[in-house]
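Every number here is computed from the coordinates shown, using simple stated rules; none is lab data. Note that this is a predicted model, so its numbers are computed, not measured. Counting neighbours? That spans all protein chains shown, and the Cβs are built from the backbone with ideal geometry, glycine included.
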Amino acid sequence: MGRTYKRVLLKLSGEALMGSLPYGIDPAVVQSFAAEIADVVAKDIQVAIVVGGGNIFRGVKGAAGGMDRATADYIGMIATIMNAMTLQDALEQIEVPTRVQTAISMQEIAEPYIRRRAMRHLERGRVVIFGGGSGNPFFTTDTTAALRAAEIDAEIIFKGTKVDGVYDSDPNTNPNARRFKSLTYSHALTHDIGVMDSTAIALCKDNDIPISVFALSVSGNIRRALMGETIGTFVGGSCDIS
């Protein structure tokens with residue numbers, strides 16, 4: 001068992017909400033994520049979440065198809081709000097008080113992002129889900145996660161992915177790929193290792209916010225990670241390959 005945290009930020013990709021579906025949202029997956037988050041909140045750990053929108057629309061792909069990049073990114077931001085509302089509903093179905101805050105004003109369905117209000121919600125035991133990315137095109141939800149973590153004084157970012165950590169090459173194509181147990185920010189930036197995008201890593205480095213990368217595909221891993229169990233790859237300390 002590793003360190004116990006008081007306030008954490010969980011980064012969930014939109015793709016994680018698809019489960020085995022080709023696109024969209026798998027309700028069973030969302031419900032399982034919500035149940036694990038509920039267990040963490042019950043341990044008095046404050047949880048903020050940034051969710052992506054790639055299961056519905058990805059700005060980069062839209063731009064590659066000929067769409068204006070800024071317009072495509074805005075559509076992607078709206079997709080993240082759809083995911084945030086879906087996750088909120090799953091959490092509230094199991095009586096976990098949850099607030100969605102958006103960087104794009106949608107006052108009929110969610111609160112605007114206000115840092116002090118978000119922190120107050122967390123102090124009162126509510127899960128806060130940040131939708132709408134950073135509100136700016138050309139920035140990823142990874143960068144949003146780093147930004148929001150710094151703003152709310154989160155102790156760590158937990159990033160759930162398709163693989164069980166960070167590797168020195170793609171484990172899906174290279175059977176000899178080696179997994180890092182831990183990794184420095186500088187190593188990740190210098191060697192362009194796919195932890196998060198470079199802007200997000202630089203923000204974490206500047207604000208001394210560690211990143212823990214773990215596999216979402218393993219049942220119970222959200223609970224294990226957020227409760228401090230050492231799994232996946234830790235970014236921020238010394239560099240170690242398993």
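Write down, largest first, the equivalent ellipsoid semi-axes of region 126-182 in whole Å, where each equals the square root of 5 times an eigenvalue of the alpha-carbon gyration tensor.
Numbers: eigenvalues 161, 42, 19 Å².
The three semi-axes for region 126-182 are 28, 14, 10 Å.
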Self-check item: FRET efficiency, residue 31 to residue 95 (Cβ-Cβ, R0 22 Å, nearest 0.05)
Solution: 0.95
Exercise. Quickly rank 193-202, 124-133, 108-117, 149-158 as a protection proxy: mean count of other C-beta atoms within 10 Å, highest first.
Key: 124-133, 149-158, 193-202, 108-117
Self-check item: Relative contact order %, region 7-241, counting alpha carbon pairs below 8 Å whose residues are six or more apart
Solution: 21 percent
Self-check item: Net charge dipole size for region 114-189 [Lys, Arg +1 and Asp, Glu -1 on Cβ; Debye, nearest 20]
Solution: 360 debye
Quiz item: What is the Cα radius of gyration of the chain over 2.2 N^0.38 Å, N being its residue count?
Solution: 0.95
Exercise. State whether region 1-57 is rounded, prolate or oblate according to the following rule on the C-alpha gyration tensor (a ≥ b ≥ c being the square roots of its eigenvalues): a/c under 1.5 gives rounded; otherwise a/b larger than b/c gives prolate, and the remaining case gives oblate.
Key: prolate
Exercise. Quick one: which residues, 5+ away or cross-chain, put their amide H under 5 Å from the amide H of residue 50? H built at 1.01 Å from N.
Key: 10, 11, 12, 130
Quiz item: Can you sort 191, 121 so the residue with the fewest Cβ neighbours within 10 Å comes first?
Solution: 191, 121
Practice problem: Using Cα centres only, tell me the gap between region 145-209 and region 37-52 in whole Å. | Solution: 20 Å
Quiz item: What full-extension length gain, to one decimal in nm, is calculated for residue 114 and residue 202 as 0.36 nm per residue of separation minus the Cα-Cα distance?
Solution: 29.3 nm
Quiz item: What is the P(r) of region 126-242, as percent of Cα-Cα pairs per 5 Å bin from 0?
Solution: 2, 12, 21, 24, 22, 13, 5, 1, 0
Practice problem: Nearest 5 is fine: what % of DSSP beta bridges in the chain come out antiparallel, could you say? | Solution: 20 percent
Quiz item: So which residue, out of 174, 221, 136, gets the largest mean-square fluctuation from a GNM of the chain using Cα contacts under 10 Å as springs?
Solution: 174
Quiz item: If you place +1 on the Cβ of every Lys and Arg, -1 on the Cβ of every Asp and Glu, and leave all else neutral, what size is the dipole of the chain about its Cα centre, to the nearest 20 Debye?
Solution: 320 debye
Quiz item: Is the shape of region 18-123 rounded, prolate or oblate, going by the alpha carbon gyration tensor and its root eigenvalues a ≥ b ≥ c, with a/c under 1.5 for rounded and a/b larger than b/c for prolate?
Solution: oblate
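Once R0 is set to 35 Å, what does the formula 1/(1 + (r/R0)^6) return for the Cβ-Cβ distance between residue 21 and residue 178, expressed as a FRET efficiency to the nearest 0.05?
Calculated value: 0.65.
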Quiz item: In region 7-241, with Lys and Arg counted as +1 and Asp and Glu as -1 at Cβ, which of these residues, 202, 85, 53, has the Cα nearest the positive end of the dipole, that is, farthest along it?
Solution: 202
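Determine the calculated [θ] at 222 nm for the chain from helices alone, applying -39500 (n - 2.57) to every DSSP H run no shorter than 4 residues and normalising by the residue count; nearest 500 deg cm²/dmol. Numbers along the way, then the final one.
On the way: 8 runs with 88 residues, N = 242.
Rounded to the nearest 500, the figure is -11000 deg cm²/dmol.
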Exercise. Putting +1 on Lys and Arg Cβ atoms and -1 on Asp and Glu Cβ atoms, find which of 144, 185, 163 reaches farthest to the positive end of the dipole of region 135-186.
Key: 163
